[in-house]
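Chemist: Structure below; questions to follow.
The values are calculated or read from the model by the stated rules, or taken from the named source; none is laboratory data. Keep in mind that what you see is a predicted model, and the values were worked out from it rather than measured. For neighbour counting, all protein chains shown are included, and Cβ atoms are generated from backbone atoms with ideal geometry for every residue, glycine included.
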Amino acid sequence: MSLNFSGSQQLLDIALRSAKKKSLQAKAGAGFDKFRQVRVEEDSMLRESADFLIERLHQAVKEFPDFSRLNPFIKELAESSLDLAALKKALAHLSESERLIKKIKYEHLKKLHSVERMQKWQLVSLERKKFIGRAASIVRKLQPSIEVLKAGERTMRQFPKISEECFTGVLAGFPNAGKTTMLKRLTGSEPLIAHYAFTTKTIKQGFFEEEFCKVQVLDTPGLLDRLPEERNPAEKKAASALRHAASLVLFIADVSKNAAYDAEDNGSLLEKLLKEFEGKKFFMILNKCDSPNNELKERMLEKAREKGIKAFEEGNGIKSSLRQELGKEAMENLKKRIAV
Ligand SMILES: Nc1nc2c(ncn2[C@@H]2O[C@H](COP(=O)(O)OP(=O)(O)OP(=O)(O)O)[C@@H](O)[C@H]2O)c(=O)[nH]1
Ligand SMILES: [Mg+2]
């Protein structure tokens with residue numbers, strides 16, 4: 001990505017090392033006159049180190065993702081995972097430093113070339129040294145901004161590389177319902193699974209192929225039964241995936257004896273999601289059927305029937321039946337898109 005230096009000190013060290021090399025080459029071609037040699041060498045050292053810093057800072061800003069141009073899903077993920085104001089401030093700091101280095105480059109170059117022959121050649125070197133001192137101070141002050149940008153880059157690297165063309169099933173439900181386990185069952189991906197709620201903090205992704213179609217499955221952080229404006233950042237990521245990436249919603253409910261949420265809770269969450277993501281097709285997955293609460297399971301099946309949602313029970317070859325159904329949906333979707 002854009003920041004191909006670890007910190008301000010490293011940036012400075014590379015700039016000076018590379019400039020030193022070039023200035024020695026320049027000096028070698030400057031003839032035998034001492035004053036001329038020094039001027040050529042110092043001019044080259046100043047110019048090369050300045051240009052290196054200017055170019056790297058410019059590149060770092062230019063290549064940093066432009067938030068206004070991200071696709072809506074990634075943009076919403078960025079808004080709920082990053083401090084965008086701090087990132088913008090850090091980018092502005094880099095741009096301002098680039099501008100300052102440009103300014104002092106010309107200031108000191110001018111002075112370096114205005115030293116007269118009858119003056120000491122040491123005065124030429126002094127201008128270059130003054131420039132390096134000022135540039136170093138500007139670059140060192142960048143360290144906190146570089147850290148902010150590096151942390152931002154690390155977070156963004158974890159964003160899923162969403163395939164916008166691909167038919168996408170998004171797993172959603174209460175925390176601990178078994179969404180991540182289902183992603184693993186369906187796609188073989190190896191996400192973190194734990195026995196406690198709120199394990200998944202960001203969007204996880206897996207793929208499988210069925211009916212000649214590639215299907216993308218997204219796992220989301222657990223949602224609570226509350227209003228959109230009450231959602232925490234992790235729930236907001238889940239809602240963004242449902243809104244922008246889901247071709248189909250896989251609503252998953254824990255129907256085991258140990259389930260933390262009953263049929264009322266699950267029904268209420270389902271109702272809210274159906275309303276918020278109106279127009280999207282839903283499947284229901286009844287999970288943890290190995291130790292079922294039969295009454296809960298029956299009531300959820302009833303809710304699925306009421307809403308006209310196809311239901312799948314964990315166990316009994318759910319992997320192949322769900323994959324087949326998703327494959328069929330993907331094929332239908334493809335046919336519709338081709339027909340348009
Ligand atoms: N008995 C049983 N346990 C399951 C099943 N599926 C998942 N679990 C367990 O349920 C717990 C939660 O599973 P996860 O897949 O992490 O659940 P999640 O919905 O992704 O949880 P969050 O990311 O916290 O929202 C883990 O201890 C799983 O091993 C199942 O079919 N049967
Ligand atoms: Mg999870």
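Chemist: Cβ-Cβ distance below 7 Å, separation of 6 or more or different chains: which pairs start in the range 72-101 with a residue that is β-branched (V, I, T) and end on one that is surrounded by 14 or more Cβ atoms within 10 Å (Cβ to Cβ) and part of a helix (DSSP H, G or I)?
Modeler: I101/A50; I101/L53; I101/I54; I101/A135; I101/I138
Chemist: Inspect the range 58-71 for any residue being assigned by TED's automatic domain parsing to the domain that holds L24 and farther than 30 Å from K201 by Cα and give the result as yes or no.
Modeler: yes
Chemist: Please state which one of L301, L274, L248 is surrounded by 15 or more Cβ atoms within 10 Å (Cβ to Cβ), among the hydrophobic types (A, V, I, L, M, F, W, C), farther than 30 Å from F159 by Cα and more than 15 Å from ligand 1 (Cβ to nearest atom).
Modeler: Every option except L301 fails the conditions.
Chemist: Also, quick follow-up: If you scan the range 305-340, which residues turn out to be surrounded by fewer than 16 Cβ atoms within 10 Å (Cβ to Cβ), acidic (D, E) and within 22 Å of L218 (Cβ to Cβ)?
Modeler: E332
Chemist: Please go through the range 52-71 and pick out each residue that is assigned to a helix (DSSP H, G or I), touching a residue at least 24 places away in the same chain (Cβ under 8 Å) and of a type outside the set (V, I, T).
Modeler: F52, L53, R56, L57, H58, Q59, A60, K62, E63
Chemist: Going through the range 211-255 one residue at a time, which ones are touching a residue at least 40 places away in the same chain (Cβ under 8 Å), of a type outside the set (A, V, I, L, M, F, W, C), in contact with a Ser or Thr (Cβ under 9 Å, 6 or more places away or on another chain) and outside any loop (DSSP other than H, G, I, E, B)?
Modeler: Those that are touching a residue at least 40 places away in the same chain (Cβ under 8 Å), of a type outside the set (A, V, I, L, M, F, W, C), in contact with a Ser or Thr (Cβ under 9 Å, 6 or more places away or on another chain) and outside any loop (DSSP other than H, G, I, E, B): K214, Q216, D219, P233, K236, K237, S240.
Chemist: Filter the range 135-183 down to residues that are part of a helix (DSSP H, G or I), surrounded by 22 or more Cβ atoms within 10 Å (Cβ to Cβ) and of a type outside the set (A, V, I, L, M), then give me how many there are.
Modeler: The qualifying residues number 3.
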